[in-house]
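Chemist: The structure follows.
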Amino acid sequence: LRVWMLRVRGVGQGLGKAVLFAASWALFEWLRGHVFTGFPWNLVGYGWTGVLPVLQGVSLIGIYGLSLLTVLVASLPAGLADMAVPRRRAWGALAAGLALFAALGAWGGLRLAGASDATVPGVRLRLVQPAIDQRLKWAAGERVRNVQQQMELSVAPSSEPVTHVIWAETAVPLFLDQDARLRQALGSVTPPGGLLITGVPRMEAGPDGAPLYYNSLAAVDGSGAVTGRFDKFHLVPFGEYMPLRRWLPVGAIAGNGAEFSAGPGPVSLDLKGLPPVSPLICYEVIFPDAVLPAAEEGAGRPRWILNLTNDAWYGNTAGPYQHFAIARTRAVEEGMPLVRVANTGISGVVDPHGRITAMLPLGHRGVVDAALPEALLTPTLYGRVGDGAFGLLLLTCFAVGLRARHRS
């Protein structure tokens, strides 16, 4: 559709066409991330996650802005084959584009060189990745055994005292609030004075008395008391709820026919012994500029992001690697560490500059103990203005492209 817009309508001439093409591409990526609840998976800019100096650019213009610049520079060589563009001008534009990325990489390298390795004092996290096969995760005869396996991993010996244990999305496939014995059992593997943070399904009665189900996070202390909760707010269409139910009278896939309800939105959660955290469940982390509570809501700015997920749905494919790369980018955008715990997938800790400080690979059953990196002292530009910087860059490209068309 992007190519059709430019080719059929004849938008732009010469180098202006490349600018308009890049702007149109970025606009449609942004629309894909927002229309019909959005799905901003595998944006072009994520190709830079393996090149950390360039990836630092998302702290200024976000992933949509980095996609825009990437497509723009990648389109400039087309000017060399356009007879309407003077050779000197085409080569000059290409050189300028490459210089732009060289400058961005140099700035990012300096940013990384000055990055701090500071960690939050008194916090030692244990990330538990049980690698439970998706076919067994919800099997009636396996649920208790799955929980027991994770409890055993949680109390394995460690070189340093662990303060908080974190389990993955729906790691406890039972209704915790309705089971006091289960809460006490979880409390028995909670570090002294710390917490066990886990994904759970949650059920409560709705206004009409019918049950409502939530994909939730619960924090359990040593006594078995639930001291903190969070409900997933950005649900997966068809997976966790069925859109257009009037015309599609079937149940959601992930809920075994039952639908989940959405929580109120991003929150800053205060948990014992930890800095304020923004919890996210599964693919909530893929949405740029939607992972933290809005400042006007009065919540204090979180100091880290916690992402619980289950990537077993993907199997041994590129999906878990893509999901981890996307989550890693949120840390750089917001300037705060990200802790990701997967049933299976890639679990790990990422610092505010996107550096991986601890990791469990795909399919590995085990634990990793890690310190919690400190967030940046001040928010990044992107953390302050969100996609506003990308919007300004996008409008500038459209203006430049249309002006070049008018002049040609």
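Chemist: So what are the three principal axis dimensions of the range 120-190 from its Cα atoms, in whole Å, longest to shortest?
Modeler: Principal extents (largest minus smallest coordinate, Cα): 40, 27, 20 Å.
Chemist: Spelling out what I want: for every residue of the range 353-363, take phi, set θ = phi - 60°, compute 6.51 cos²θ - 1.76 cosθ + 1.60 (Karplus), and round to whole Hz; glycine and proline get x.
Modeler: Once rounded to whole Hz, the list reads 9, x, 7, 7, 9, 7, 7, 10, x, 4, x.
Chemist: Okay, moving on. Any chance you could give the angle, 0 to 90 degrees and rounded to 10, that helix 15-32 forms with the longest Cα principal axis of the chain?
Modeler: The angle comes out at about 20 degrees.
Chemist: Also, quick follow-up: Of the beta bridges DSSP finds with both residues in the chain, what % are antiparallel, to the nearest 5?
Modeler: Numbers: 30 of 48 bridges.
For the chain, the DSSP antiparallel bridge percentage is about 60.
Chemist: While we're on this one: I'd like the distance between the alpha-carbon centres of the range 268-292 and the range 98-125, rounded to an integer number of Å.
Modeler: Cα centres, the range 268-292 to the range 98-125: 22 Å.
Chemist: Any idea what the dipole of the range 153-240 comes to, in debye rounded to 20, about its Cα centre with Lys/Arg Cβ at +1 and Asp/Glu Cβ at -1?
Modeler: On the way: 5 positive and 9 negative charges, 30 e Å.
I would put it at about 140 debye.
Chemist: Another question, if that's okay. Please state, to two decimals, what the Cα-based radius of gyration of the range 183-247 comes to when divided by 2.2 N^0.38 Å (N = residues).
Modeler: Values: Rg = 15.4 Å, N = 65, 2.2 N^0.38 = 10.7 Å.
The value comes to 1.43.
Chemist: Once label points are set 7 Å from the Cα along Cα→Cβ at both residue 403 and residue 112, what is their separation, rounded to one decimal in nm?
Modeler: A separation of 3.5 nm, rounded to one decimal place.
Chemist: Let me ask another. For the range 135-290, what is the percent of antiparallel DSSP beta bridges, rounded to the nearest 5?
Modeler: Details: 16 of 21 bridges.
Counting DSSP beta bridges with both partners in the range 135-290, the antiparallel share is about 75 percent.
Chemist: Same structure, new question: Need one number for the range 6-144: average projected area of the convex hull over its C-alpha atoms, nm².
Modeler: Over every viewing direction, the Cα hull of the range 6-144 projects on average to 14.6 nm².
Chemist: How many Å² of accessible area per residue for the chain, probe 1.4 Å? Can you show the working numbers first?
Modeler: Numbers: 18030 Å² over 408 residues.
Value for the chain: 44 Å² per residue.
Chemist: So what is the 222 nm mean residue ellipticity for the chain from helices alone, if each DSSP H run of at least 4 adds -39500 (n - 2.57) and you divide by all residues, rounding to the nearest 500 deg cm²/dmol?
Modeler: Working: 11 runs with 140 residues, N = 408.
That comes out to -11000 deg cm²/dmol.
Chemist: Treat every Asp and Glu Cβ in the chain as -1 and every Lys and Arg Cβ as +1, leave all other atoms uncharged, and give the resulting dipole magnitude about the Cα centre to the nearest 20 debye. Kindly include the intermediate steps, with their values, before the conclusion.
Modeler: Working: 34 positive and 28 negative charges, 331 e Å.
That gives a dipole near 1600 debye.
Chemist: Then there's this: Skipping prolines and chain starts, which residues have an amide H placed within reach, meaning under 5 Å, of the one on residue 119, given they are 5 or more residues away or on another chain?
Modeler: Long-range HN contacts for residue 119: 374.
Chemist: Quick check: from the Cα gyration tensor, does the range 296-408 come out rounded (a/c under 1.5), prolate or oblate? It would help to have the intermediate numbers written out before the result.
Modeler: Working: a/c = 3.10, a/b = 1.66, b/c = 1.87.
It is oblate, given that a/c is not under 1.5 and a/b is not larger than b/c.
Chemist: Nearest 10 degrees is fine. How inclined is helix 87-113 to the longest principal axis of the chain, computing both from alpha carbons?
Modeler: The angle comes out near 30 degrees.
Chemist: What percentage of the solvent-accessible surface of the chain, computed with a 1.4 Å probe over protein heavy atoms, is contributed by carbon and sulfur atoms?
Modeler: Details: 11140 of 18030 Å².
Looking at the chain in its full context, I get 62 percent from C and S.
Chemist: What figure, in Å² to the nearest 10, do you get for the accessible area of residue 203 with a 1.4 Å probe and non-protein molecules left out?
Modeler: 60
Chemist: From largest to smallest, what semi-axes in whole angstrom does the chain give when each is the square root of 5 times an eigenvalue of its alpha carbon gyration tensor? Don't skip to the answer; put the middle values down first.
Modeler: Numbers: eigenvalues 362, 121, 62 Å².
Semi-axes from the Cα gyration tensor: 43, 25, 18 Å.
Chemist: How about residue 272: which lysines have a C-alpha closer than 27 Å to its C-alpha, ignoring those fewer than 8 places off in the same chain?
Modeler: Candidates past the 8-residue exclusion: 232.
Chemist: Let me know the shape class of the range 15-90, please: from the alpha-carbon gyration tensor, a ≥ b ≥ c as square roots of the eigenvalues, rounded when a/c is under 1.5, otherwise prolate if a/b is greater than b/c, or oblate. Don't skip to the end; give the middle numbers.
Modeler: Values: a/c = 3.06, a/b = 1.62, b/c = 1.90.
Oblate shape, in that a/c is at least 1.5 and b/c is the bigger or equal ratio.
The values are calculated or read from the model by the stated rules, or taken from the named source; none is laboratory data. As the structure is a computational prediction, the values presented were derived from the model and not from experiment. Glycine gets a Cβ as well: all are built from the backbone with ideal geometry, and neighbour counts include every protein chain shown. Ligands, DNA and RNA are excluded from the accessible area calculation, which covers all protein heavy atoms including side chains. Shrake-Rupley method; radii C 1.70, N 1.55, O 1.52, S 1.80 Å.
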